[in-house]
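The values are calculated or read from the model by the stated rules, or taken from the named source; none is laboratory data. In this text, all values refer to a predicted model and were calculated from it rather than measured experimentally. Here the Cβ is made from the backbone with ideal geometry for all residues, glycine too, and neighbour counts use every protein chain on show.
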Amino acid sequence: MTADDTMAGRLARIQQRIREACERAGRPSGSVTLLPVSKTFGEDAIREAMALGLTRFGENKTQEIRQKAEALAGLGLQWVLIGHLQTNKAKDAARDTSEVQSLDRVELADALHRRLQNAGRTLDVLVQVKTSSEPSKYGMALEEVGPFLRRIAADYPTLRVQGLMTLAVNSPNADEVRACFRALRELRDGLAKENIPGVSLDRLSMGMSGDFELAIEEGSTEVRIGSAIFGARSYPDPQ
Ligand SMILES: *Cc1c(COP(=O)(O)O)cnc(C)c1O
């Protein structure tokens, strides 16, 4: 049997693998959301994805979100920022995104809050946590997350924390990858007991094309899938 190498075929296979991973983990199949990651892919690819029912897309650059949001305005699409956000781009993120999953420092929370206050809106955020020791990965150290959440709850009411996000170590060793996902879930489980007012920790965004099944087994509620749906990216993306 040859695999159907169209976006429809690739998407169907990913959805099937998500269902199977849920089943293996004894979780309901609706408990994991798919966030298609369209970064580096153009308007045509996004239109093709829309025709397959996808309306919410992960991107890692505010400039790219701006371009796509303009080109595809009025179609009801939602843009989720999953890449590192420079503080001086907080204004763009506050304007163009429905959610930021890469909140990783007070300075950025402060900048986003000021922009959101001016705009009179709130923003869903996930706190990005560094669960591996790879120097290239952004994210907050595990032990800083509790104090950070309390700070957001106290000072930044426009930021609505929905959960945590991480990138696992890029390793062929499944145990090392799994350990990153487990660390995020355990951190969440501990912090959830504190019941910080206004802070929800229901969502765990973890897992990408190469490791999402492990992430689901470790409790992911949202997998961010790019290349396995859109195909190989023609230029690399810095994280
Ligand atoms: C690019 C990216 C993804 C998707 O990666 P794939 O390997 O293409 O599935 C997920 N999360 C983040 C933060 C990314 O930058």
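Can you work out which of the residues in segment 8-24 that are more than 21 Å from the chain's Cα centre (by Cα) and not acidic (D, E) is farthest from V80 (Cα to Cα)?
R24
Filtered by the rule that a residue be assigned to a loop (DSSP other than H, G, I, E, B) and over 17 Å from the mean Cα position of the chain (by Cα), segment 128-151 gives S133, E134, P135, S136, A141.
Within segment 192-207, track down each residue that is surrounded by fewer than 19 Cβ atoms within 10 Å (Cβ to Cβ) and either in a helix (DSSP H, G or I) or within 16 Å of the ligand (Cβ to nearest atom) (or both).
Of everything in segment 192-207, just one residue is surrounded by fewer than 19 Cβ atoms within 10 Å (Cβ to Cβ) and either in a helix (DSSP H, G or I) or within 16 Å of the ligand (Cβ to nearest atom) (or both), namely A192.
Filter segment 95-108 for residues that are surrounded by fewer than 24 Cβ atoms within 10 Å (Cβ to Cβ) and either touching a Cys at 6+ places or on another chain (Cβ under 7 Å) or among the aliphatic types (A, V, I, L, M) (or both) and give the result. The answer is V106, L108.
Could you tell me whether any residue of segment 211-226 is modelled with pLDDT under 95, among the aromatic types (F, W, Y) and closer than 30 Å to G42 by Cα? No; the residues of segment 211-226 include none that is modelled with pLDDT under 95, among the aromatic types (F, W, Y) and closer than 30 Å to G42 by Cα. Do we find that R114 is within 22 Å of E222 (Cα to Cα), away from the ligand (no atom under 16 Å from the Cβ), over 13 Å from the mean Cα position of the chain (by Cα) and of a type outside the set (D, E) in this structure? Against the criterion (within 22 Å of E222 (Cα to Cα), away from the ligand (no atom under 16 Å from the Cβ), over 13 Å from the mean Cα position of the chain (by Cα) and of a type outside the set (D, E)), R114 does not qualify. When residues in segment 1-48 are screened for being touching a Gly at 6+ places or on another chain (Cβ under 7 Å) and away from the ligand (no atom under 15 Å from the Cβ), 1 of them pass. Restricting segment 21-53 to residues that are touching a residue at least 40 places away in the same chain (Cβ under 8 Å) and in a helix (DSSP H, G or I), the residue that is farthest from L167 (Cα to Cα) is E48.
A quick yes/no check of all residues on (1) of a type in the set (A, V, I, L, M); (2) away from the ligand (no atom under 16 Å from the Cβ); (3) within 21 Å of I18 (Cα to Cα); (4) in a loop (DSSP other than H, G, I, E, B):
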{"residue": "A153", "(1), (2), (3), (4)": "yes, yes, no, no"}
{"residue": "P157", "(1), (2), (3), (4)": "no, yes, no, yes"}
{"residue": "A168", "(1), (2), (3), (4)": "yes, no, yes, yes"}
{"residue": "S209", "(1), (2), (3), (4)": "no, no, yes, yes"}
{"residue": "E213", "(1), (2), (3), (4)": "no, no, yes, no"}
{"residue": "V223", "(1), (2), (3), (4)": "yes, no, yes, no"}
{"residue": "I229", "(1), (2), (3), (4)": "yes, no, yes, no"}
{"residue": "A232", "(1), (2), (3), (4)": "yes, no, yes, yes"}
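Only residues that are closer than 30 Å to K61 by Cα and free of Cβ contacts under 8 Å to residues at least 12 places away in the same chain were counted in segment 3-12, giving 4. If the condition is being within 16 Å of the ligand (Cβ to nearest atom), surrounded by fewer than 21 Cβ atoms within 10 Å (Cβ to Cβ) and outside any loop (DSSP other than H, G, I, E, B), then segment 54-77 contributes R56, Q63, E64.
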